[in-house]
Amino acid sequence: MARLEGRMREIVERDEPISREVWDRLDAIDFFQSIGERYKAEIVRDLPKGETITIYKQGAFVDLCLGPHLPSTGKLGKAFKLLKIAGAYWRGDHRNEMLQRVYGTCWANEQQLKDYLHRLEEAERRDHRKLGREMGLFHLQEEAAGSVFWHPKGWVLWRAVETYMRARLDEGGYVEVKTPQLVDRALWEASGHWEKFRQNMFTTEAEGDKVLALKPMNCPCHVQIFRQGIRSYRDLPLRMAEFGSCHRNEPSGALHGIMRVRAFTQDDAHIFCTEDQIEGETRRFCDLLSSIYAAFGFKDFAIKFADRPPVRAGSDETWDKAEAALRRAIEAAGRAYVMNPGEGAFYGPKLEFVLRDAIGRDWQCGTLQVDFVLPERLGANYVGEDGQKHRPVMLHRAIIGSFERFIGILIENYAGAMPSWLAPVQVVVATITNDSDSYAREVLAALGEAGLRAEIDLGADKIGYKVREHSLAKVPAILAVGKKEVEARSVALRRFGSNGQEVLALDEAVRMLKAEGAPPKH
RNA sequence: GCCGCAGUAGCUCAGCUGGUAGAGCAACGCAUUCGUAAUGCGUGGGUCGGGGGUUCGAGUCCCUCCUGCGGCACCA
């Protein structure tokens, strides 16, 4: 890359003029073929008839390009840098050959380039893989590639997220269930997942010729619960939630820290409802989702509307109906969205709710999918007002998506400095000398009684050392106690990110920290 | 899975053309009782990712597998 960059600088230096020409299609094909540029020739060949074919020349270099280009190479300036080199499939199709792609960045001036590179470095500091290790939240190791070992502190964070989500679902009119991990392939064949995703499913054998699959998702299981007994239209909408542990054998190259793993837990739910209820349920879901995102500190998120994929289940009429229903619903919910053509699930169109990580990569977290197909395939029905059997519609939906991914994004969003309600340790009591130990224990007990996750540091180190240690651990609050505090029954509170401290009466500090450590109200 | 790069102590990294593995931080021990981001001294710690090969001798060279990283493809 250094050599490439050197050549680029020479070309910029030469300030070669760049000219645009329009060529005849056949001439262009012949020309590119003759110089061995068979990919360019292929592009020209595939361009629709009547398309203008533009050629840019720069010295002896002749290339096909839609343009526009700079008038001359010198106009590029010197504020550029090559960043990475990687393979990319020709025309984005993995069945094609792989070409080498060189990534670079270019800015109007050196300062902007420097700022950009600095931002990249800053982002690396937030990387959840680095912070997860440093903060002792979790680890990954090759004997369980793609599965997370959650450490005590990381699991506290997980539980805080789970407890909050459970409370919101309870309030939101959901019922919670738990379904099996190992399920006979017959069910996956019936749902259509076996045909489409068999190679990504972990399987095992039992009782001779039985093949069981570790569930890659929860929906078929939820339908089994729905099918127990006789459902009435009065039961709808039935919102069935599960913190469902799923396994998917993701391609090795897709794994990424805890964001893309092979074993994960979804905040999954399926809303069984009538067609008429789709709109109301979608609106209700969007409201719940945005309220929960806001509670976790995400004000901005994108919504994408993914419509029918090339390979799919269900008739075109069913898809027309499902897409129209979802479009009406999202529009009625008054949410802006962009299209994501052809990216729907195989059984229905979906809304994708997308959050962004520290280095600007987008991650789908929430989703809402309209499904007319699975209830049919798996034989779900209910008795309507008319006394006849009807098919329910299923809305597949998740808010945080997977706990693993969402926690990864949370860590990056806060750069590890979690708000108190999510922090593994909310407050540390640190003594200045051992004379204060017994009072410090009283302080710890008071914090514990208030339900705070508190730790105590009675070590023989200097207070400066303790402050540094717990600041690096990103603990939201440090309560220092020394002679003065013992006498006044007070504490010296230092908050994460602040250089000063305030001295407060013990009960006042406990009251304040308790309030700050509670999950957000909504 | 594909292309490229990488894997040395818990972490960050050094180790020249092959000659018995090193630093800082962390950990542990002892001393220090100190008022808001590092007290001092000492000690232990490695199948150099796994396997195979070349060589008198491999962390270093070759083959192969695994894992990770960056993209691509995939993502129910």
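The values are calculated or read from the model by the stated rules, or taken from the named source; none is laboratory data. Since this is a predicted model, take the numbers as computed values, not measurements. All Cβ positions, even for glycine, are placed from backbone atoms using ideal geometry, and neighbour counts span all protein chains on display. Surface areas here come from the heavy atoms of the whole protein model, side chains and all, with no ligands, DNA or RNA. Shrake-Rupley method; radii C 1.70, N 1.55, O 1.52, S 1.80 Å.
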Handout entry: CD proxy at 222 nm, helix term only [per DSSP H run n ≥ 4: -39500 (n - 2.57); per residue of chain A; nearest 500]
Key = -11000 deg cm²/dmol
Exercise for the section: Can you figure out the FRET efficiency of A:Glu455 with A:Ala488, using R₀ = 25 Å and their beta-carbon distance, to the nearest 0.05? Expected result: 0.65
Problem - Where only C-alpha atoms are counted, convex hull volume of the range A:86-187 per residue in Å³ - result: 293
Fill in the blank from the handout: Beyond 14 Å, the calculated P(r) of the range A:155-211 holds a percent of Cα-Cα pairs equal to 70
Practice task
Return the whole-Å distance between the Cα centroid of the range A:96-114 and the Cα centroid of the range A:450-522.
Solution key: 47
Handout entry: A:Ala79 long-range amide H proximity, modeled H, under 5 Å
Key = A:Trp107
Handout entry: DSSP-assigned coil residues among trypsin sites (Lys or Arg not before Pro) in the range A:14-65, each with at most 13 further Cβ atoms within 10 Å
Key = A:Lys49
Fill in the blank from the handout: Whole-Å distance linking the alpha carbon centroid of the range A:44-68 with that of the range A:182-249 is 52
Practice task
Please report the base-10 log of the normalised intensity I(q)/I(0) for chain A, using a Debye sum with one equal scatterer per alpha carbon and no solvent, at each q in 0.09, 0.11 (1/Å).
Solution key: -0.88, -1.11
Problem - Paramagnetic reach from A:Arg38 (point 7 Å along Cα→Cβ, amide N under 19 Å) across the range A:93-113 - result: A:93-101
Practice task
Using only the Cα atoms, work out Rg/Rh for the range A:397-445, with Rh taken as the Kirkwood radius, to two decimals.
Solution key: 1.26
Fill in the blank from the handout: On the formula 1/(1 + (r/R0)^6), with r taken between the Cβ atoms of A:Ala254 and A:Glu508 and R0 of 51 Å, the FRET efficiency rounded to 0.05 is 0.50
Exercise for the section: Work out which GluC sites (Glu not before Pro) in chain A are exposed loop sites (DSSP not H, G, I, E or B, at most 14 other Cβ within 10 Å) and give the longest gap free of them. Expected result: A:208-384
Practice task
In nm, give the distance between the simple-model label positions of A:Arg9 and A:Leu70, each being 7 Å from the Cα along the Cα-to-Cβ direction.
Solution key: 1.5
Problem - Rounded accessible area per residue of the range A:308-347, 1.4 Å, Å² - result: 52
Practice task
Provide, as a two-decimal number, the C-alpha radius of gyration of the range A:1-100 over 2.2 N^0.38 Å, N being how many residues it has.
Solution key: 1.22
